[in-house]
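Note sheet for the following structure.
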Amino acid sequence: MSFDEVPELSVVVPVYNEEGNLLPFLETMASQRELHFEVIISDGGAGDGGAALARGFAAQAPFALTLIEGGKGRGAQMNRGAAAARGELLLFLHVDSRFDDPLAFRKAVDALKEARRTGPRVAGRFSLFFDFDGPAPLPYRFYGAKAALDRPGCTHGDQGFMLGRDFFEETGPFQSALPLMEDTFLAERIRERGKWILFPSRIATSPRRFLTEGLLPRQSLNAILMNLATLGHLSLIESLKESYRSQDAAKTLKLRPILHPLYRKMAQLPRRQRWRLWYDTGSYVRSNAWQIAFFLDVVTGGAGEGKGGRFLALHDRLLGRLIDNRGGNCAAALLTWFWFQATMRFSR
């Protein structure tokens, strides 16, 4: 098949200092069958050998491979890749993604096209598992199971996002101002305006970032960002950006240097606004209490594919309603304040 034909699918992959992961990723792409697709590598200008590797692989690739280069920033890189894409369907992937099903793309495209028959406001993602040599530790099994749920905050970029160009233009672009989690915020805009479906194949992702930075500090930072963005405090996110980027090459993520600038910025807010921020934070935290119930379902083996078990059902039917009030918000705000203070004092 000629590469000049318009592909059914355009795969957009942002890379930065990913020379070691790029070749295995491209080989994974080459294993996909029964679909005419293109791959667009959006390089953030790291200066490693990734760009040369991509150019060399393009000569032998069974798909059209395009390299575009620009400034660093995953959101901006994915936006540039989408602008260069020729297909009507877009798939945003991370470079450490792997597929064990050679028909994963074919099945996903067919599923999305079928879902789009009732309207274009549909996006799809793959079931997620973390690529460990043996059984994944419990926290990773929890995050993998949670990613299959159709609930706010559960859909992330390591699952892959597939959607029509028209729907991406409506809900996008990725927020390039965010230091991370720009894919999660796009996922929530998609959920607000349309719906998500779960593809039949699964995607494997590397746990390397969590293992390098530390699972707890990474997830803590993710939660803080999600809270601030959900509440509309993007100016406070700016205080996190530079301190996070200064640790970009560090091994373990250190929360204290990140949280102190945020704390100083919050202290400058008028007292009423500061109290409102903490109350709204409590409301956000309280609304995510269902994750404790779902974690118990995962521990006890009660969670199914894309659904919870008896603990989540109990929360949704009873416990969640009992705490959905001002008292529940205030209690969650107080607990979160104590956590924030303890994290600043005792974390590295």
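The values are calculated or read from the model by the stated rules, or taken from the named source; none is laboratory data. Here the structure is a predicted model, which means the values were calculated and not measured. Quick reminder, even Gly has a Cβ in these numbers, built from the backbone with ideal geometry, and neighbours come from all protein chains shown.
Scanning the range 22-46 for residues that are closer than 17 Å to Ala204 by Cα and either among the small types (Gly, Ala, Ser) or touching a His at 6+ places or on another chain (Cβ under 9 Å) (or both), we see that the one that is surrounded by the most Cβ atoms within 10 Å (Cβ to Cβ) is Phe25.
Exactly one residue out of Arg202, Arg193 is closer than 25 Å to Phe99 by Cβ and either of a type in the set (S, T, N, Q) or assigned by TED's automatic domain parsing to the domain that holds Asn17 (or both), and it is Arg202. Please go through the range 193-215 and give me each residue that is in contact with a Ser or Thr (Cβ under 9 Å, 6 or more places away or on another chain) and not small (Gly, Ala, Ser), ordered by number. Of everything in the range 193-215, those that are in contact with a Ser or Thr (Cβ under 9 Å, 6 or more places away or on another chain) and not small (Gly, Ala, Ser) turn out to be Arg193, Trp196, Leu198, Phe199, Pro200, Arg202, Ile203, Thr205, Thr212, Glu213.
Could you grab me the full set of residues in the range 47-67 that are surrounded by 15 or more Cβ atoms within 10 Å (Cβ to Cβ) and either in contact (Cβ under 8 Å) with a residue 24 or more places away in the chain or outside any helix (DSSP H, G or I) (or both)? Asp48, Gly50, Leu53, Ala54, Phe57, Ala61, Phe63, Ala64, Leu65, Thr66, Leu67, listed by residue number.
Applying the criterion of being farther than 15 Å from Arg80 by Cβ and among the acidic types (Asp, Glu) to the residues of the range 158-174, the residue that is surrounded by the most Cβ atoms within 10 Å (Cβ to Cβ) is Asp158. If the condition is being assigned to a helix (DSSP H, G or I), without any contact (Cβ under 8 Å) to a residue 60 or more places away in the chain and loosely packed, with under 15 Cβ neighbours inside 10 Å, then the range 299-313 contributes Thr300, Arg310, Ala313. Phe3 satisfies every condition listed in (1) surrounded by 18 or more Cβ atoms within 10 Å (Cβ to Cβ); (2) hydrophobic (A, V, I, L, M, F, W, C); (3) not assigned by TED's automatic domain parsing to the domain that holds Ala104 except (1). Of all residues in the range 323-348, those being in contact (Cβ under 8 Å) with a residue 24 or more places away in the chain and in a helix (DSSP H, G or I) number 13. Evaluating Gln32 against the criteria (1) on the phi > 0 side of the Ramachandran plot; (2) at pLDDT 95 or above leaves one unmet condition, (1). Looking only at residues of the range 235-283 that are of a type in the set (Val, Ile, Thr) and surrounded by 14 or more Cβ atoms within 10 Å (Cβ to Cβ), we find that the one that is modelled with the highest pLDDT is Thr281. Here is a check on your reading of the model: is Ala187 of a type in the set (Gly, Ala, Ser), outside any strand (DSSP E or B) and in the same structural domain as Asp96 (by TED's automatic domain parsing)? So Ala187 fits the description; yes.
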